[in-house]
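The values are calculated or read from the model by the stated rules, or taken from the named source; none is laboratory data. All of these numbers come straight from a predicted model, not from anything done at the bench. Don't worry about glycine lacking a Cβ; one is built from the backbone with ideal geometry, like all the others, and counts go over all protein chains shown. These area figures cover heavy atoms from the full protein model, side chains too; ligands, DNA and RNA do not enter into them. Shrake-Rupley method; radii C 1.70, N 1.55, O 1.52, S 1.80 Å.
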Amino acid sequence: MPDQAQKLSTRHLLGIKDLTVNDIELILDTARNFKDVINRPIKKVPSLRDITIANIFFENSTRTKLSFELAEKRLSADIVNFAASSSSVSKGETLIDTVNNILAMKVDMVVMRHPYAGAGVFLSKHIKAQIVNAGDGAHEHPTQALLDAFSIREKYGEVAGKKVAIIGDVLHSRVALSNILCLQKLGAEVMVCGPTTLIPKYIGALGVKVEHNLLKALKWCDVANMLRIQLERQDIKYFPSLREYSMMYGLNKQILDSLGKEITVMHPGPINRGVEITSDVADSTQSIILNQVENGVAVRMAVLYLLANQR
Amino acid sequence: MNKLLIQNVTILDKQSEHHNKVADVLIADGVISEIGKLGTSEDLKVLDGTGQYLSPGFFDMNVNFGEPGLETKEDIESGSLAAMTGGFTGLALMPNTQPPVHSKSEVAYLVNRSKGNLVDIFPLGSISRDREGKELAELYDMELAGAIAFTDGDRPVNDAGLMSRALLYSKGFDGLVMSYAEDKNIAANGQMNEGVNSTLLGMKGNPALAEELMVIRDLYLAEYNDSRIHFSTISTAGSVDLIRQARQRGVRVTCDVAAHHLVFTDEMLSGFDSNYKVKPPLRSSSDVEALLVGLKDGTIDAIVSQHTPHEKEFKDVEFEIASNGIIGLQTVLPLALKAGLSPELIVEKLAVNPRKILKLEILPICAGNDANCVLFDPNAEWIYSNEFNFSRSANSPFLQQTLKGKVTMVFNNSKKFLS
């Protein structure tokens, strides 16, 4: 385990925005140790014994929730899970009331996913417990960005100088924003690529390259991070059909082989096979999608462990 | 006899021969009895007006109270108190109530409820029945009952045909239609100004385009019908340009800007503080600059508070479901000063022009006239504490802050307020 004296600069993990480069490196280094731990025959450590964590999900999630739960269990934390639909004044209990009800039962940390941007920031101003943002609207998903950076570092030795293309529905993606911020802090070059209607008008001001041609993006990059099409988050139609999307932005083996170089393919999951990525790509040796899933547990263990040190 | 002597005060009133002069002003029984170099006597209450300005009472043409139906946000008493302490002697009330002010009865109710108060209240009637944007409300009947102009409040009139008919119909009795310019389909579910900051916060943007498209539409409609039109709370550089150009080609257009749009940009939203969630949204610094230029060159006629009270339950929630608006009646003067406007310009935009647009008379600050005036000190500081917030609501980002620019006295309808 890393030196106890090494601490994060923040009490909560609300977004990559609030992390320093040192924070990110500390989390990634700590995660490497935890990855060793979860590959041992005895996968559990007592680090978070006596700490109670509530996983509060106001939006459906299977893998992020499972990943957090496993990370918590492997650190020996006590956990409770709470799934609810997001509410407003007109529809019942407020967010603060919901969370305070859970905290009244003596909970130390809250892992929250919420459909609205800034929900974690809002909550952090009203409650005492530490908060880990597991995704807030189209704002941030910091642990996903951290595990993506971890996976790139694992594959290439370092993130600095790498060219990463984030491809797909950037407009509705929290993964995209957190990834851009995290990769830039670590010294990578970032490009976003997708249909013109799914790229925010002002994203170039964040210092990323903007491309609308998939082939050009792939030729430029070392790593292609394929985003999921978030149909459930699109209140109106931004492109005519999935078929047409797939024609323009679907990654298949033929394109991949035509590049004349080997790039790494990532995806935050769950993948829509045949839409943004074909099966032969997802299952190819160039894909590190399942490594990302494994690394997710280690990174979340690191985050929870380091935040617990901050109490 | 009730007598008040204000000594050594600078009078700001272009209608008065005392404009920009320092003098003593004696107000007795609600009437300005003498102006000049005056002596004191035993029966006088004396105020030192050194460094202070005496001008016609402020008039706010964009105010939301909650009567009828939403009294827990604000009622006439609480709202009038807030207005008075902010220096206002007259208000135009938005029809955003339940039921909306869309017929003679709501107009008459508001007129009767506020009769004889220090703060004169002028209801604004809805353009459309139920504020639904479908068919015209009884505009003429409301005008007769005391409606001062017509607007659907915070709901833009989506139907161009309806807006055109409203402009044409009201022209028949010289009524004024006010437009809240926003194209709903372009604004979509935008939570804040579209820009770098909305991208960084992962929030849907409400682009300047949404406002400007509607400004263009309504300028064309007003020009086509040869009607007067007033735009409420414009917020973008593009809107200022469009209105400036329209005026040059002879369109009879006026407009106002909310005080908070003169000071704040969308950077204020970085902490997701819903007290900065307003509509139109806070824009970029180049928009703020253009608005200030527009005020100074006369394109923008008036400053409003866009006072919009909301209970804690509607504001202290996740940003996306928080209601739009801040309470502003008590903070317009400090904000206008903070924006760098001179006392003289503030008086023009906050007291004179709103009444001109609404064709309301105000008596000059001259001996013999009824007193309708405000005394303010642009350099005095005060703390906007909870105790000094007279609104029923507390959705202001300025609470607990020290503000510069204080209202020290207000006089109207033979009633006075002394801070």
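When you scan the range B:93-105, do you find a residue that is over 16 Å from residue B:153 (Cα atoms) and open to solvent by less than 10 Å² (accessible area, probe 1.4 Å), even just one? Break it down stepwise before answering.
Quick first cut of the range B:93-105, residues over 16 Å from residue B:153 (Cα atoms) only: B:104-105.
Right, trim to open to solvent by less than 10 Å² (accessible area, probe 1.4 Å) and you get none.
There is no residue in the range B:93-105 that is over 16 Å from residue B:153 (Cα atoms) and open to solvent by less than 10 Å² (accessible area, probe 1.4 Å).
All of A:204, A:187 fail the test of being surrounded by fewer than 16 Cβ atoms within 10 Å (Cβ to Cβ), within 14 Å of chain B (Cβ to nearest Cβ), not in a strand (DSSP E or B) and not aromatic (Phe, Trp, Tyr), apart from A:204. What about residue A:135, is it on the phi > 0 side of the Ramachandran plot, surrounded by 23 or more Cβ atoms within 10 Å (Cβ to Cβ), touching a residue at least 24 places away in the same chain (Cβ under 8 Å) and within 14 Å of chain B (Cβ to nearest Cβ)? Yes; evaluated as a whole, the condition is true for this residue.
Take the conditions open to solvent by less than 50 Å² (accessible area, probe 1.4 Å), part of a strand (DSSP E or B), assigned by TED's automatic domain parsing to the domain that holds residue B:299 and at pLDDT 95 or above and apply them to residue B:214. Does it pass?
Values: open to solvent by less than 50 Å² (accessible area, probe 1.4 Å): yes; part of a strand (DSSP E or B): no; assigned by TED's automatic domain parsing to the domain that holds residue B:299: yes; at pLDDT 95 or above: yes.
Here the answer is no, as residue B:214 does not meet what is asked.
The sole residue among B:226, B:241 that is within 23 Å of the chain's Cα centre (by Cα) and either in contact (Cβ under 8 Å) with a residue 12 or more places away in the chain or open to solvent by 30 Å² or more (accessible area, probe 1.4 Å) (or both) is B:241.
Just to be sure before I move on: is residue B:264 in contact with a Phe, Trp or Tyr (Cβ under 6 Å, 6 or more places away or on another chain) and open to solvent by less than 30 Å² (accessible area, probe 1.4 Å) in the structure I sent? No, not satisfied.
Looking at B:8, B:112, can you tell me which residue is of a type in the set (S, T, N, Q) and part of a strand (DSSP E or B)?
Working: B:112 fails: part of a strand (DSSP E or B).
Just one listed residue meets the conditions, B:8.
Only one of the numbered conditions (1) surrounded by 20 or more Cβ atoms within 10 Å (Cβ to Cβ); (2) within 24 Å of residue A:269 (Cβ to Cβ) is not met by residue A:69, and that is (1).
Among the conditions (1) farther than 16 Å from residue B:230 by Cβ; (2) at pLDDT 95 or above; (3) open to solvent by less than 10 Å² (accessible area, probe 1.4 Å), residue B:292 misses just one, which is (3). Does residue B:155 satisfy the condition of being within 19 Å of the chain's Cα centre (by Cα), open to solvent by 60 Å² or more (accessible area, probe 1.4 Å), in the same structural domain as residue B:66 (by TED's automatic domain parsing) and touching a residue at least 12 places away in the same chain (Cβ under 8 Å)? When the stated conditions are applied, residue B:155 passes them.
Among residues of the range A:73-100 that are more than 21 Å from residue A:53 (Cβ to Cβ) and within 13 Å of chain B (Cβ to nearest Cβ), those with a Cβ under 6 angstrom from a residue that is modelled with pLDDT under 90 and open to solvent by 30 Å² or more (accessible area, probe 1.4 Å), sequence gap 6+ or separate chain, pair up as A:87/A:93.
For residue A:160, the requirement of being of a type in the set (Gly, Ala, Ser) and either open to solvent by less than 10 Å² (accessible area, probe 1.4 Å) or outside the structural domain of residue A:211 (by TED's automatic domain parsing) (or both) is not met. Residues in the range A:224-254 that are exposed (fewer than 15 other Cβ atoms within 10 Å of the Cβ) and of a type in the set (A, V, I, L, M): A:231, A:236, A:247, A:248.
Can you go through A:173, A:151, A:178 and tell me which one is in the same structural domain as residue A:265 (by TED's automatic domain parsing), small (Gly, Ala, Ser), touching a strand residue (DSSP E or B) at 6+ places or on another chain (Cβ under 9 Å) and modelled with pLDDT under 95? Explain how you work it out, then say what you get.
Details: A:151 fails: modelled with pLDDT under 95; A:178 fails: modelled with pLDDT under 95.
Of A:173, A:151, A:178, the one residue that is in the same structural domain as residue A:265 (by TED's automatic domain parsing), small (Gly, Ala, Ser), touching a strand residue (DSSP E or B) at 6+ places or on another chain (Cβ under 9 Å) and modelled with pLDDT under 95 is A:173.
Report whether or not residue B:130 is touching a strand residue (DSSP E or B) at 6+ places or on another chain (Cβ under 6 Å), open to solvent by 30 Å² or more (accessible area, probe 1.4 Å) and at pLDDT 95 or above. In short, no.
Looking at the range B:71-89, is at least one residue touching an Asp or Glu at 6+ places or on another chain (Cβ under 7 Å), assigned to a loop (DSSP other than H, G, I, E, B), buried (at least 24 other Cβ atoms within 10 Å of the Cβ) and not charged (D, E, K, R)? Looking through the range B:71-89, none of the residues is touching an Asp or Glu at 6+ places or on another chain (Cβ under 7 Å), assigned to a loop (DSSP other than H, G, I, E, B), buried (at least 24 other Cβ atoms within 10 Å of the Cβ) and not charged (D, E, K, R). Filter the range B:173-211 down to the residues that are more than 12 Å from every other protein chain (Cβ to nearest Cβ), open to solvent by less than 20 Å² (accessible area, probe 1.4 Å) and assigned to a helix (DSSP H, G or I) and list them by number. Scanning the range B:173-211 gives B:187, B:210, B:211.
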